[in-house]
Every structure is written in structure tokens, then in C-alpha cells.
Amino acid sequence: MAQIRTIPQSAQPKKGCGPLIDPLSDPSRPLRQQIFERVRAVGQIARVQLSKELGISPASVTTITSELIETGILEEVQTLRDAESSRGRPAVALGVRSGTRHVVGIKLSDREHTAVLVDFAGNLIAGEAIERTPDAMELDALLNAAAELLSRVCAKGGVEPHTISALGLGVPGFVDSEKGIVHWSPVLTERHIDLAAALRARLAVPVVVDNDANLVTLAELWFGAGRALSDFAVVTIEHGVGMGYVINHRIYRGARGMGMELGHTKVQLDGALCRCGQRGCLEAYVADYALVREARTALNLTHKETQSVATLLESLYAHAKGGNSAARSIFRRAGRYLALGLSNVVNLFDPQLIILSGERMRYDYLYAKETMAEMQELSLDTGRDIPNIEIHAWGDLLWAHGAAALALHDVTERLLGSSREMAAQ
Ligand SMILES: [Zn+2]
């Protein structure tokens, strides 16, 4: 039986941030990048320890860390040795020089825009949220919204907007992160827009974009339960059903740079109509608009009562909790389809962990014991337990944290990655 744990999330890292990559598992990164990322991931570490963990000679560690200190990326920090040797002099460790570089992460959605400002060590400096009416925006309005959020969150954190090292931006929809193109998004009226370039031109800072399911996955990889895992899945259930997948500590983006569209995998031939225009998609049975469609009929609500999706879902949930069998069966049916979708993920990818994330996760019928038992039944019987499932109900700034991780990764690659050498050639 899968174990289900509900974990209250704090978006703030307790110690360090970023993927805790097994030191010897990815030797293709330049040494300076491996050293820096190890320091950032563990928070503080002594040179001798770095040398041991990364399998690099102490002399190389000394040379490379001196360079990183000189360029203002790392700094020496005094730490107390452990209790028994506290009589001795304090030890010197290395830490990220956090205050010299900042990044901003922004998530635009149809209900609320959010932003965070974090330093180069991943510490949260300031956060901002703006409510909005759910309409698709024209490109210019979207650029204005991003500019407004950037200036507000920077003002809160006491940082000049033009000095930030990168801006990560997330929107729902079909996004080619590598090229910076938004093919379709419910927050944008136009299609196939080079949003990264448009925003870069507008704000004069480096910009990276991604879809919202990948942002949640990055937030888990950098700040959450996925930091020490090499392979895991994040499934988001909101307006749609999204998925992000991490393979060997890196987010998987597919050959054409798109996210993984779990919501549009088919679970029924000629089934319910999906908002993508096709039939039988998982999303058409599990997403909020699917629940709303059924709730309207089952609860016999007039049009006036059904204006707000959130209100209607709350009402459906209250009815289910109160024992209304029609309301219960709507959630149970959605739960069974979710089980089907998750078992397909297990059979395809064999992840260590599946994290279910999103606002709908408050509706515990979706992942009730019956749902998990169904998922077990549908997963290939290999004699082993199916992966653990964790339910994460994060706060509002989750997506923005994921966007900040996207920006931190971008800055790190530009400063220390192998692309730096290629660019110099
Ligand atoms: Zn679809």
C-alpha cells in the first residue's frame, strides 16, 4: 500500500538550497560549478570536506575556491567547531556570498500574480502578491504586470530592479522554456509569443520563462521534498492537471522543450470533452472545470449560484462532507480517474516519489484510501511497493519560488557552467 503523508510546507530553506546532487554522479559539470553548487546546497562547508565529498585534491579546492572568493561568489564564514572542540579556535568554512546578487521569480496566473526576491544563496528577501480579475491579457498588459511586480518586490527588498541578475517568469499553458516562447496560455490573448525576448527588451534584465507545473517541480527540487531525490514526479491539480518530472536531479523538458502534459493523456476513448478540444483527456475528469460541470447538475444550482468556480467547488465539498451521496460520488469518480493517471506515471517512469500539489489538494476525496488502493491495483505488480505519495498544500508563493529557482539556475550556468567556455570561444 502506498504511504500517504501530508506535509506542511515552508517555502524557506532551513539550510542551503538547490538539488543535493550525489557528489560523484555528475562529473560533467565544470569543477568550479560543482564546488559552488555543493556549497550552496549544504549552506556551509569546510574546504577539507569539499575535497572529500567531491573527490578533488585539496590543492584544486584551494585554487578554485580562491577564484570564487575573488569574483565575489563565495566567502569565508566562521563556524564553531562541534561542542567537544569548542575550546579551540573557530573553524573557517565557505558559504555563498549572498547579498551581491539577487534574482526575482514571478508567477502570473488568472487569479493572482505573485513575486519573490531571493538572494544568491536562495534566501527569501521579499514577497508580493496582487489579486486580479481572471481575464486573458494582451501582451502589453502582461509586460506591464510583470514590470509592476518586479518594481514592487524590489522596493520591498531594498534592491534596484535593474541590478537583479535574472528574472524567472512562470505562466500556465504551453511554454517552450529553452526558446522562451509561450505557445498558448490562459493569461495571454496572443499565441506563439517570444515572451522572454519581449520582457528582456522591456526590463533590460535576463529573463527565463517556464510553465507552472515545471515551477512547482523546481520549487520542490530546490527548496522542498525533492532536494535529495534524483528521480521524482510532481502532479499539479488546479484548473488543469500538470506534471513535472525530475530525472537525475534535472527537470525533464522533452525534445521540443515542452512540459509533460499528463492532463491531456487519454483515459477514455471518445470520452468527456476537454478544454484542449479533444476528448477523453484525464483533465476532463479531474480538473476543477470537470468537477464544476458535474456539480451544476448534481446540486441543481441556478446560474446565479454558479458564477464563481471557487465558491461552487467549496459548496460541492461541503455537501460531500455533509454526506450528500451525489457530491461524494463526483469526487470519488474524479479520484478514480486520478488513480488511473497516476498508475500510468508509475508504470512509465518508476519514480521514487510522486508529489501531489495544488489548491485542489484540500479536497481529500481526491486522494482517499480508495483512490490509492485503485492506483496500486492499476500499477504493474512487481512485488514491490508502489512509490510514496506526498500531498503538498503550499502557500501562495510556491510558484514564485519555483520561478526564482529557474532564475538562480540560469545565473549559475552563465557564471560557472560549461556554456560560459563555449560562449568565450
Ligand atoms: Zn485535453
Handout entry: region 258-279 residues that are more than 8 Å from the ligand (Cβ to nearest atom), paired with ones that are β-branched (Val, Ile, Thr) (beta carbon under 8 Å, 6 or more apart)
Key = Met258/Val175; Gly259/Val175; Leu262/Val235; Leu262/Val241; Leu262/Val345
Exercise for the section: Could you please let me know if Ile355 is modelled with pLDDT of 85 or more and closer than 14 Å to Val241 by Cβ? Expected result: yes
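Tell me the residue from His239, His183 that is over 22 Å from Gly122 (Cα atoms) and outside any loop (DSSP other than H, G, I, E, B), please. Let's see the steps before the verdict.
Details: His239 fails: outside any loop (DSSP other than H, G, I, E, B).
Every option except His183 fails the conditions.
Glu148: touching an Asp or Glu at 6+ places or on another chain (Cβ under 9 Å), farther than 21 Å from Gly43 by Cβ and either surrounded by fewer than 16 Cβ atoms within 10 Å (Cβ to Cβ) or modelled with pLDDT of 95 or more (or both), yes or no? First the steps, then the outcome.
Details: touching an Asp or Glu at 6+ places or on another chain (Cβ under 9 Å): no; farther than 21 Å from Gly43 by Cβ: yes; either surrounded by fewer than 16 Cβ atoms within 10 Å (Cβ to Cβ) or modelled with pLDDT of 95 or more (or both): yes.
Against the criterion (touching an Asp or Glu at 6+ places or on another chain (Cβ under 9 Å), farther than 21 Å from Gly43 by Cβ and either surrounded by fewer than 16 Cβ atoms within 10 Å (Cβ to Cβ) or modelled with pLDDT of 95 or more (or both)), Glu148 does not qualify.
What do you reckon, is Tyr317 part of a helix (DSSP H, G or I), within 16 Å of the ligand (Cβ to nearest atom) and either touching a helix residue (DSSP H, G or I) at 6+ places or on another chain (Cβ under 9 Å) or among the aliphatic types (A, V, I, L, M) (or both)? Don't jump to the end; show me each part of the working.
On the way: part of a helix (DSSP H, G or I): yes; within 16 Å of the ligand (Cβ to nearest atom): no; either touching a helix residue (DSSP H, G or I) at 6+ places or on another chain (Cβ under 9 Å) or among the aliphatic types (A, V, I, L, M) (or both): yes.
Here the answer is no, as Tyr317 does not meet what is asked.
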Exercise for the section: Have a look at Leu80, Leu108 and point out the one that is at pLDDT below 95 and within 30 Å of Gln34 (Cα to Cα). Expected result: Leu80
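Among the listed residues Gly395, Gly335, Gly341, Gly323, which satisfies the condition of being within 29 Å of Gly105 (Cα to Cα) and among the small types (Gly, Ala, Ser)?
Details: Gly335 fails: within 29 Å of Gly105 (Cα to Cα); Gly341 fails: within 29 Å of Gly105 (Cα to Cα); Gly323 fails: within 29 Å of Gly105 (Cα to Cα).
Matching residue, one of Gly395, Gly335, Gly341, Gly323: Gly395.
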Completion exercise
All-but-one check, Tyr337 against (1) over 18 Å from the mean Cα position of the chain (by Cα); (2) surrounded by fewer than 18 Cβ atoms within 10 Å (Cβ to Cβ), failing number (2)
Handout entry: Breaking point among (1) of a type in the set (Gly, Ala, Ser); (2) in contact (Cβ under 8 Å) with a residue 12 or more places away in the chain; (3) in a helix (DSSP H, G or I), for Ala155
Key = (2)
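Is it the case, given these coordinates, that Gly322 is crowded, with 21+ Cβ neighbours inside 10 Å and not aliphatic (A, V, I, L, M)? Lay out the reasoning, then the answer.
On the way: crowded, with 21+ Cβ neighbours inside 10 Å: no; not aliphatic (A, V, I, L, M): yes.
No; evaluated as a whole, the condition is false for this residue.
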Handout entry: Lys107 being basic (Lys, Arg) and in a strand (DSSP E or B)
Key = yes
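The values are calculated or read from the model by the stated rules, or taken from the named source; none is laboratory data. Treat the numbers as computed from the prediction; the structure is a model and nothing was measured. Reconstructed Cβ throughout: ideal geometry from the backbone, glycine too, with neighbour counts over all protein chains shown.
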